[in-house]
Amino acid sequence: MLRCVNRVSFTSFLMLILCGSLATTAWADAGRVYPEGELPKDKRLQPQKDLNGYFPFHPPESLNEWKPRAESLRRRILVSSGLWPMPRKTPANAVVHGRFERKGITIEKVYLESYPGHFISGLLFRPKDKKGPFPAVLSPHGHGGRLQDHGARNRQYIAEGAERFEDCGRFPKISRCVHLARMGCVVFIYDMLGYADSNQISYELAHRFAKQRPELDTPQRWGFFSTQAELRMQSILGIQVYNSIRALDWLASLEDVDGSRLAVTGGSGGGTQTILLGAIDPRPIASFPQGMVSTAMQGGCTCENATCLRIGNGNVELTALFAPRPVAMTGANDWTKEIQTKGYPELRKLFTVYGNVNNVYSKSLLHFGHNYNYVTRNIMYNWFNKHLKLGIKEVIVEEHYEPLTSEEHAVWTKDHPAPKGGVEYEVSLTKFVDDESNHVLNELTPSDPNSLNGYRDVVGGAFETLLNRRLDEVGRIEREKVDKQVRGGYLEFKDKLFIVEHGEELPVLSLFPKSRPWNHEVVIWIDGDGKSGVYADNGALRPEVRALVDGGSSVLTADLLYQGDFLKNGQPLMQTPKVSNSREFAGYTFCYNETVFAHRVHDILSLISFVKNDEHGTEKIHLVGTNGGGALVAAARSQSGDAVHTAVVDTQGFRFGALKTFRDVRFLPGAVKYGDVHGLLSLSAPHALVIAGENGKIADIVAASYKASGKSDQVKSVSGKLGEATKQLVR
């Protein structure tokens, strides 16, 4: 086997062909690069990762290494949550009512609006007879809800040392709020969707969704978990993250709260929310994400997963985004049981890089199962006492309180009736969020170079996250020669490309002009059928490709993932692979795995890198996408900078928004939110772009981007067929 690195591969191999003795045939054979029955040894053909995989954190050696990684991860959280860019914040219209007391504290009922008409409900705990301003703690409760009641099991917990009191110990989430308030904190525990008084989105939908609802999955009317929602990055996780931000906004605004001393803590699903909020919001100065900092299971609920969120990362690294602010946790006899040896040492290394290793802490409590129990709460109390500067010098011991009655728990009363929920409300919420997103993004339409940079930062940044690879991230490529043939007027050769750092392989077909000198230009031809797409039905080169070769250009094509040589039986892939989870939620697969669309874009970037790094005279690289390859080329061009001279994109009128299922191989989460195909095309500015398949029209956002770049003459839309567009490449 002969392998050589990409920097000497492309043209040098072509010159070897010119010097060789090659057979001639009447027309090309678009046969396999790999032997029949053999598939590429590509790691992407292995089983997909799911939430129960292994998610190690590889800490950086320096802050210069960490900071760009951290910013990329923060953007990933925001994009995955549907919050990139952030919605306009509307009035919270908070209502505080129903005040009652327990020893040393007051408790009030609260509801406020994150989006207009979408309510956050919860309880507000305050110190009594003390002078503020006080530090404040935001407390997302996690699964079980703020009304979680251990019931009869609490006696066993007391026997195990997990709880202290037989009555109030039954309510662990209320207990932590009571004691934090007694310590001198204002505490707001707010309902996650579907729990307690958060009834506009049902528990069954938010946390137990399992089956797609076709009647709620059209471009005009859609609900959560639908393909249309995923195309707009709308999810239960995203709504809860935004609720957390708005809850913190309100809590920090209270007159008796010291906004410089904010903390956040929650357990289980509330631990997930604590991790995510702490990662993206700089205001909390201390954090205690309990029960979810782990290299193992990442969160099993639909409310803890969103497309694109944990691709290439996990909860330990997301927790690391809180650094250098103080963060602590415990491990239990659950998925966190290895935190002391897998996760905590890496966090300590990061905090050491920051210069304050004492700002991270973890303790192993393996004699307890999954919990936020009395023992764990006591560790949290001491952590917050130290870092919120509460000044408590004596030993902190959780004391008894009288449990709240059902009437005291209830936010909604006769005078404060509960808002309506159900399907119609769900549809109205997804529509409002979409309209708001469209408004914010429309405001970014560029009009000059500065606004174009801003537009690219947001929309280009979003697609960079969604596609998850830039050209400069392809890395080293090696080539293995497979076959070479002389054809009528051109040379044909086949090789395998090995994208070493990513464990990927590509079967590649190249055509080199023989009837006239090479013009030092390479056209990368991307077809929805793979490399066979350069040939007509009779086996000859299709006319557009023949014209390019006869014009002196070299043409390079390949089978992208799940095309041609990647297929076991030669049949096209009709549905994207998924993890084994039977619940029909895109996030269970695409929270951890890239889409087929993104993988194919990676393959195109590999081809560009292969040619770009040639040392023997390639002067221009062009891209052509047709027969289902148009959107792929538009996406690859958006991640290629100035490496591609001209892109010819035959859209064939394709729109991501027309997809019926997220199992479609053309699915890309968030594509509709960020402008669909036209959003991708707009990112080609200021480089040469020829569009086919749009009836000669140029979309407003594409035209605006090119005008803002000062290069309106570099974008064209042809009304004819593909051949008219590719004529632009024939010199």
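The values are calculated or read from the model by the stated rules, or taken from the named source; none is laboratory data. Because the structure is predicted, anything quoted here is derived from the model rather than measured. So basically every Cβ, Gly included, is an ideal-geometry build from the backbone, and we count neighbours across all protein chains shown.
For (1) assigned by TED's automatic domain parsing to the domain that holds Val178; (2) under 24 Å from Glu166 (Cβ atoms); (3) more than 32 Å from the chain's Cα centre (by Cα); (4) among the polar types (S, T, N, Q), each residue gets a yes or a no:
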| site | (1), (2), (3), (4) |
| --- | --- |
| Tyr374 | yes, yes, yes, no |
| Gly391 | yes, no, yes, no |
| Val397 | yes, yes, yes, no |
| His400 | yes, yes, yes, no |
| Asp415 | no, no, yes, no |
| Glu426 | no, no, no, no |
| Thr430 | no, no, no, yes |
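Would you mind stating whether Asn627 is in the same structural domain as Thr589 (by TED's automatic domain parsing), surrounded by fewer than 17 Cβ atoms within 10 Å (Cβ to Cβ) and closer than 19 Å to Leu509 by Cα? So Asn627 passes the test.
So in the range 245-294, with the set limited to residues that are crowded, with 23+ Cβ neighbours inside 10 Å and among the β-branched types (Val, Ile, Thr), which one is nearest to Glu204 (Cα to Cα)? If we take residues in the range 245-294 being crowded, with 23+ Cβ neighbours inside 10 Å and among the β-branched types (Val, Ile, Thr), then Thr272 is nearest to Glu204 (Cα to Cα).
Screening Trp66 against (1) surrounded by 14 or more Cβ atoms within 10 Å (Cβ to Cβ); (2) closer than 30 Å to Leu429 by Cβ leaves a single unmet condition, (2).
Would you be able to say whether some residue in the range 504-522 is among the acidic types (Asp, Glu), at pLDDT 95 or above, touching a Lys or Arg at 6+ places or on another chain (Cβ under 7 Å) and more than 21 Å from Ala725 (Cα to Cα)? Quick ask: steps written out before the conclusion?
Taking the range 504-522 first, the residues among the acidic types (Asp, Glu) are 504-505, 521.
Narrowing further to those that are at pLDDT 95 or above: 504-505, 521.
With touching a Lys or Arg at 6+ places or on another chain (Cβ under 7 Å) added as a condition, the list becomes 504-505, 521.
Of the ones still in play, those that are also more than 21 Å from Ala725 (Cα to Cα) are 504-505.
Looking for residues that are among the acidic types (Asp, Glu), at pLDDT 95 or above, touching a Lys or Arg at 6+ places or on another chain (Cβ under 7 Å) and more than 21 Å from Ala725 (Cα to Cα), one finds at least one in the range 504-522, hence yes.
Selection within the range 145-157: residues that are touching a residue at least 12 places away in the same chain (Cβ under 8 Å) and more than 27 Å from the chain's Cα centre (by Cα). The member of this set that is surrounded by the fewest Cβ atoms within 10 Å (Cβ to Cβ) is Gly151.
The one condition from (1) out of contact with any His (no Cβ under 9 Å at 6 or more places or on another chain); (2) touching a residue at least 60 places away in the same chain (Cβ under 8 Å); (3) among the aliphatic types (A, V, I, L, M); (4) buried (at least 24 other Cβ atoms within 10 Å of the Cβ) that Val648 does not meet is (1).
For the range 458-472, which residues satisfy the criterion of being surrounded by 14 or more Cβ atoms within 10 Å (Cβ to Cβ) and part of a helix (DSSP H, G or I)? The answer is Val458, Val459, Gly460, Gly461, Ala462, Phe463, Glu464, Thr465, Leu466, Leu467, Leu471. Taking helices (runs of 4 or more DSSP H) as the structural unit, those lying wholly within the range 516-630 and holding at least 2 residues that are closer than 30 Å to Phe209 by Cβ correspond to 586-590, 596-612. Hey, could you check the range 329-384 for residues that are closer than 28 Å to Lys67 by Cα and of a type in the set (D, E, K, R) and say which is surrounded by the most Cβ atoms within 10 Å (Cβ to Cβ)? Ranking the candidates gives Lys342 first.
Taken over the range 473-484, residues that are surrounded by 16 or more Cβ atoms within 10 Å (Cβ to Cβ) and either of a type in the set (Lys, Arg) or in contact with a His (Cβ under 9 Å, 6 or more places away or on another chain) (or both) amount to 4.
Quick check on my filter: what residues within the range 123-145 are in a loop (DSSP other than H, G, I, E, B), among the small types (Gly, Ala, Ser) and closer than 19 Å to Arg99 by Cα? Steps first, answer last, please.
First, the residues of the range 123-145 that are in a loop (DSSP other than H, G, I, E, B): 128-133, 141-145.
Restricting the remaining residues to those that are among the small types (Gly, Ala, Ser) gives 132, 142, 144-145.
Passing the criteria: only Gly132.
Scanning the range 57-85 for residues that are without any contact (Cβ under 8 Å) to a residue 40 or more places away in the chain and not polar (S, T, N, Q) yields Glu65, Lys67, Pro68, Arg69, Glu71.
Against the list (1) free of Cβ contacts under 8 Å to residues at least 24 places away in the same chain; (2) surrounded by fewer than 16 Cβ atoms within 10 Å (Cβ to Cβ); (3) assigned to a helix (DSSP H, G or I), the condition Val395 fails is (3). Annotation: of all residues in the range 427-449 being outside any helix (DSSP H, G or I) and touching a helix residue (DSSP H, G or I) at 6+ places or on another chain (Cβ under 7 Å), the one that is surrounded by the most Cβ atoms within 10 Å (Cβ to Cβ) is Pro446.
Exactly one residue out of Gly657, Gly723, Gly696, Gly710 is closer than 30 Å to Phe590 by Cβ and surrounded by fewer than 22 Cβ atoms within 10 Å (Cβ to Cβ), and it is Gly657.
For the range 158-200, taking the residues that are among the small types (Gly, Ala, Ser) and not in a helix (DSSP H, G or I), the one that is surrounded by the most Cβ atoms within 10 Å (Cβ to Cβ) is identified as Ser198.
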